[in-house]
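The values are calculated or read from the model by the stated rules, or taken from the named source; none is laboratory data. Note that this is a predicted model, so its numbers are computed, not measured. Cβ: placed from backbone, ideal geometry, glycine included. Neighbour counts: every protein chain shown.
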């Protein structure tokens, strides 16, 4: 009954002109459960929503979902399947009981109330760098425990916490055909390039990006048949190691700051998306029971 009344309220609200001006993050952040629809990502990773999302169980045989108060452990079924598979691999690594899983998506995806611009269609996963010693953390402990940073020299190098197990888990993730790319700090990519043996094709999916030293970010491809889903462009050809070296060079040798033009117009603040900015299917995702 409560779910029906919530859907009725949303239907009436979304029919009102005021809905067009409401930030989409408020509408999607209000939902506590996924929609009762066939699973489907709509739109792009940073501008979309997800129908029929599945909740990753808070604790599984080889994983724990972290920061439960955020309610961001929802994703497309392919995402949940990927987590199950990779965490099983991680649990076979020395010193790892499995994986700690950070943000996936909100119950119906969409823009988040705080944090990520991406993670909107249930196909992005943040995976902690911290090797789990236990999968019996309480809900309170999951709010307070922190992951561990892997970077040194502002991300130019890995630190002593980096292990061959981190390399192996990232490699296993990249080799999964469902994965589009993986974001990690530049020093990790450079280290992996140095340590990689044999076929290096999987390295192409590992891309350097700001931050990503407490966790790595896995982005899955749009599932087969997902017509309303927009894939990110494929990474450039090659293993991407030269590009990562350039990132590191720029970290160690930052260019001098550009002179400030006092007459230059101030950049406009990034505005929040409204429902009108998202794919049309996102209205039905919000209205669904």
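Figures for the structure shown
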| quantity | calculated |
| --- | --- |
| Filter result for the condition that a residue is touching a residue at least 24 places away in the same chain (Cβ under 8 Å) and over 22 Å from residue 221 (Cα atoms), over 97, 84, 78 | 97 |
| Cβ pairs under 6 Å, 6+ apart, first in segment 112-130 and at positive phi and buried (at least 24 other Cβ atoms within 10 Å of the Cβ), second at pLDDT 95 or above and assigned to a loop (DSSP other than H, G, I, E, B) | 119/103; 122/53; 122/76; 122/109 |
| Members of segment 192-210 that are part of a helix (DSSP H, G or I) and within 22 Å of the chain's Cα centre (by Cα) | 192, 202, 203, 204, 205 |
| Residue check for residue 32: more than 18 Å from the chain's Cα centre (by Cα) and more than 16 Å from residue 226 (Cα to Cα) | yes |
| Residues that are in contact with a strand residue (DSSP E or B) (Cβ under 6 Å, 6 or more places away or on another chain) and surrounded by fewer than 17 Cβ atoms within 10 Å (Cβ to Cβ), drawn from segment 197-220 | 209 |
| Qualifying residue in segment 157-171 (condition: over 17 Å from the mean Cα position of the chain (by Cα) and closer than 22 Å to residue 234 by Cβ) | yes |
| Test set (1) in contact (Cβ under 8 Å) with a residue 60 or more places away in the chain; (2) over 30 Å from residue 39 (Cα atoms); (3) buried (at least 18 other Cβ atoms within 10 Å of the Cβ) - residue 165 fails condition number | (3) |
| Segment 244-280: number of residues that are within 24 Å of residue 200 (Cα to Cα) and surrounded by fewer than 17 Cβ atoms within 10 Å (Cβ to Cβ) | 3 |
| Among the residues listed as 287, 281, the single one being over 18 Å from residue 44 (Cβ atoms) and in contact (Cβ under 8 Å) with a residue 24 or more places away in the chain | 287 |
| Selection status of residue 182, in contact with a helix residue (DSSP H, G or I) (Cβ under 6 Å, 6 or more places away or on another chain) and under 18 Å from residue 92 (Cβ atoms) | no |
| Number of positions in segment 240-270 that are part of a loop (DSSP other than H, G, I, E, B) and in contact with a strand residue (DSSP E or B) (Cβ under 9 Å, 6 or more places away or on another chain) | 1 |
| Flag if residue 231 is at pLDDT 90 or above, in contact with a strand residue (DSSP E or B) (Cβ under 9 Å, 6 or more places away or on another chain), under 30 Å from residue 191 (Cβ atoms) and surrounded by fewer than 15 Cβ atoms within 10 Å (Cβ to Cβ) | yes |
| Condition check for residue 194: farther than 28 Å from residue 77 by Cβ, out of contact with any helix residue (DSSP H, G or I) (no Cβ under 7 Å at 6 or more places or on another chain) and surrounded by fewer than 17 Cβ atoms within 10 Å (Cβ to Cβ) | yes |
| Contacts under 9 angstrom Cβ, first residue in segment 249-269 being within 17 Å of residue 185 (Cβ to Cβ), partner modelled with pLDDT of 85 or more and assigned to a loop (DSSP other than H, G, I, E, B), 6 or more apart | 249/156; 251/156; 252/156 |
